[in-house]
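One structure below.
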Amino acid sequence: MAPPEQLKEKPDPKRVAVLRSLPLAVKEKITGEEAAAFMYNRPLPDSLLEKLKDYVVLDQEE
């Protein structure tokens, strides 16, 4: 069951669309915790960043 804070909060539709658009081989590797962090705009685990490295562009802080 989802944590209580997720029951009230709705995922970002744009982020859900991004996850759905990923190749199946990539989606199969993403855990539920990683997907939730992405959809709910929370800090992304390093493991997810590694899996998405070929698909995302990170902002570089100066």
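The values are calculated or read from the model by the stated rules, or taken from the named source; none is laboratory data. Note that the structure is predicted; figures quoted are calculated from it, not measured. We place every Cβ from the backbone using ideal geometry, glycine too, and count neighbours over all the protein chains shown.
Pairing each residue of the stretch 11-24 that is farther than 14 Å from residue 52 by Cβ and at pLDDT 95 or above with any residue that is surrounded by 10 or more Cβ atoms within 10 Å (Cβ to Cβ) and among the polar types (S, T, N, Q), provided the two are 6+ apart or on different chains, yields C-beta distances under 6 Å for 12/41. Given the structure, is residue 8 modelled with pLDDT under 95 and either among the basic types (Lys, Arg) or at positive phi (or both)? Considered against the rule, which asks whether it is modelled with pLDDT under 95 and either among the basic types (Lys, Arg) or at positive phi (or both), residue 8 comes out as yes.
The set of residues from the stretch 12-62 being among the β-branched types (Val, Ile, Thr) and exposed (fewer than 10 other Cβ atoms within 10 Å of the Cβ) comprises just one member, 57. Keeping to the stretch 11-62, report how many residues are part of a helix (DSSP H, G or I) and among the charged types (D, E, K, R). Final tally of qualifying residues: 9.
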